[in-house]
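The values are calculated or read from the model by the stated rules, or taken from the named source; none is laboratory data. All values derive from a computational prediction rather than experimental measurement. Here the Cβ positions follow ideal geometry from the backbone for every residue, glycine too, while neighbour counts run over all protein chains shown. Ligands, DNA and RNA are stripped out before the accessible areas are found, and what is left, the full protein with its side chains, is counted by its heavy atoms. Shrake-Rupley method; radii C 1.70, N 1.55, O 1.52, S 1.80 Å.
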Amino acid sequence: MEDLKLHGFWYSPFTMRVVWTLKLKGLAYENIEEDRYNKSPQLLEYNPVHKKTPVLVHGGKPICESMIIVQYIDELWPQNPLVPHDPYDRAQARFWVAYSEQLFSAVVPLIYVDIADDEEKEKVIEKVQKLLKDIEDQCVLLDDEKKFFGGDNINIVDIAFGSMIKFLVTMEDLNKLKVLEVEKFPRLHSWFDNFKNVSIIKENLPNREKMCAIMKYIRERKRELQSSN
Amino acid sequence: MADEVVLLDFWPSPFGMRVRIALAEKGIDYEGREEDLSNKSPLLLKMNPVNKQIPVLIHKGRPISESLIIVQYIDEAWSNNKSPLLPSDPYQRANARFWADYIDKKIYSTGRLVWGTTGEVQEKAKEELRESFRVLEKELAEKTYFGGDMFGLVDVALIPFYSWFYTLETTANFSITEEFPRLVSWAKRCMQRDSVSNSVPDQYKIYDFLLDLKKKMHSIE
């Protein structure tokens, strides 16, 4: 039995990445649901620098930052490998994983566009679509011949993008708009369909209504906090 | 063979410096090509179409972008080598990546605001930078290098910013040497390595460059 604990938020794309990885590797772990408004003393002790989730605690030792955790797990438990073996392929995969962070930053403002005027909303959507276009057109890993960024099986790029596209879909539901349009992004669309249907992913993809509800709540809380300052 | 490895670079770039250091640590021969960022070469645009940035390492015709990704690639592709840049233990590796990531997130953008702005914006950035240096000094503690006895990824990630210290101190009126003596000793220790001193330009040269850049930035407004 491995001594594994995961401190996370069920709705966070970053936590999802670690959950999917642990499940893919068939690893048992204790899930510790954190409250973003009342973080546990343990979390603050394990991640004093960023004070964020997810944190994986292995044998009492913390590992922070979602993709660093994913690589750590992959190195210790090589079954269903997620990190490419060849150094060049690995560098390419890491490049696109890093790109997914840019995507996240661009998607976050969508939480708050409900009160934005049309022009502002358009700007936010355009920014996201520009990044999606780069992935659609430039990412050689996204192939018409292959189901996933990892080829026949999912890898770290699928995990990284999968979590972000799930987050984007939540934003689409929240605002009743379409960003990942099938006409503009046929490859990405088809890839995400395949990704969602991977059994481990399907079993561990939070419910759409629940995701929408939690984002609404976070949005309201944030606005409450801003107006009280 | 030198023609197998090409580095698209820009001499004052801290990100370029990281790659130069890694290549030198491994004793890898390469052709360095200086880019004019106001007039990027067709090769750069072809090799890094997504971000169009340096550094780009081209190995046997194939490009690798993003400085820390390049450094890890160098460590992995030339692994039968005397100078590993990452520890062999997975937990220590995760730790090294964590600190390299921290440096990537904090130092460049905050530092840029410190030398590039004035007034309240500069003051706020200065406080943020101080906090980052505090955190890094704490992590360094009494060690020779961030990785312990071995010069590695975290040291490579941070040392290029030593070339900014004079500029930061002068433009924001504070003394990094006085406030963060351990960090400065560490930096001087790193600069004693040939790989570092040959890759990191003199602080005064960087000062001239950054001040010039600051003028250009402000004249655009």
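Once backbone amide H atoms are built at 1.01 Å from N, A:I32 has A:L6, A:H7, A:G8 as its partners under 5 Å, excluding neighbours fewer than 5 places away on the same chain. Of the peptides B:83-90, A:48-55, the ranking by mean beta-carbon count within 10 Å, highest at the top, reads A:48-55, B:83-90. Once the 1.4 Å probe is applied to the protein heavy atoms, the protein assembly as shown comes out at 48 Å² accessible per residue.
Remark: region A:210-215, residue by residue, has Karplus-estimated 3J(HN,Hα) of 5, 4, 4, 4, 5, 5 Hz, where x stands for each Gly or Pro and the curve is 6.51 cos²θ - 1.76 cosθ + 1.60 at θ = phi - 60°. Among B:Y145, B:Y30, the order of accessible area from largest down is B:Y30, B:Y145, computed with a 1.4 Å probe on protein heavy atoms.
My understanding is that a pair violates if its Cα-Cα distance is over 31 Å; which of A:K146/B:K40; A:K52/A:K196; A:K51/B:K52 do that in this structure? Violating the 31 Å limit, Cα to Cα: A:K146/B:K40; A:K51/B:K52.
Look at the alpha carbon pairs under 8 Å that are at least 6 residues apart: their mean separation over the length of chain A gives a relative contact order of 20 percent. Each Lys and Arg Cβ is given +1 and each Asp and Glu Cβ -1; about its Cα centre, the protein assembly as shown then shows a dipole of about 480 debye. Kindly provide log₁₀ I(q)/I(0) values, in the same order as q = 0.06, 0.10, 0.11 Å⁻¹, from the Debye equation applied to equal alpha-carbon scatterers of the protein assembly as shown. Cα-only, vacuum Debye calculation for the protein assembly as shown: -0.27, -0.80, -0.99.
In this label model, A:N194 and A:L44 are separated by 4.6 nm, measuring between points 7 Å along each Cα→Cβ vector.
Measuring only protein heavy atoms, the 1.4 Å probe finds A:W10 accessible over about 90 Å². Treating each Cα of region B:108-221 as an identical point scatterer and summing with the Debye formula, the log10 of I(q)/I(0) at q = 0.11, 0.19 Å⁻¹ comes to -0.37, -1.03.
Between B:E34 and B:K60, the simple spin-label model (points 7 angstrom out along Cα→Cβ) gives 3.1 nm.
Per residue of B:66-75, other chain Cβ atoms within 10 Å of the residue Cβ number 3 on average.
Annotation for A:N153 and A:E203: the two label points, set 7 Å from Cα along the Cα-Cβ direction, are 1.6 nm apart. Apply the a/c threshold of 1.5 to the C-alpha gyration tensor of region A:40-176 and tell me whether it is rounded, prolate or oblate. Note, shape of region A:40-176 comes out oblate.
Per-residue shielding of A:87-97, expressed as the average number of other chain Cβ atoms within 10 Å of the residue Cβ, stands at 6. Does region B:17-166 come out rounded, prolate or oblate, given a ≥ b ≥ c as the square roots of the eigenvalues of its C-alpha gyration tensor, rounded meaning a/c under 1.5 and, failing that, prolate meaning a/b above b/c? Because a/c hits 1.5 or more and a/b fails to exceed b/c, region B:17-166 counts as oblate. Given a 1.4 Å probe and the protein chains as shown, A:E30 ends up with an accessible area of around 90 Å². Exposure check, 1.4 Å probe, all protein chains in place: A:H58 carries approximately 40 Å² of accessible surface.
For chain B, what is the relative contact order in percent, using Cα pairs closer than 8 Å and at least 6 residues apart in sequence?
20 percent
Most simply put, region B:1-157 has about 70% antiparallel DSSP beta bridges, counting only bridges with both residues inside it.
Ignoring ligands, DNA and RNA, please state the percent of accessible area on the protein assembly as shown from carbon and sulfur, probe 1.4 Å. C and S fraction of accessible area: 49 percent. Please label the shape of region B:46-128 as rounded, prolate or oblate, based on the square roots a ≥ b ≥ c of the eigenvalues of the alpha-carbon gyration tensor (a/c under 1.5 means rounded; beyond that, a/b larger than b/c means prolate, else oblate). It comes out oblate by the Cα gyration axes. Converting phi to 3J(HN,Hα) with the Karplus coefficients 6.51, -1.76 and 1.60 and the offset θ = phi - 60°, region B:24-35 yields 5, 4, 8, x, 8, 6, 7, 9, x, 10, 7, 9 Hz in sequence order, with x at every glycine or proline. Around the amide H of B:V56, modelled in the peptide plane, lie the amide H atoms of B:L8, all under 5 Å away and 5 or more residues distant in sequence or on another chain.
For the set A:I200, B:I64, solvent exposure ranked by accessible area (probe 1.4 Å, protein chains only) runs largest to smallest as A:I200, B:I64. Residue by residue along A:62-69, Cβ atoms of other protein chains within 10 Å of the local Cβ number 4 on average.
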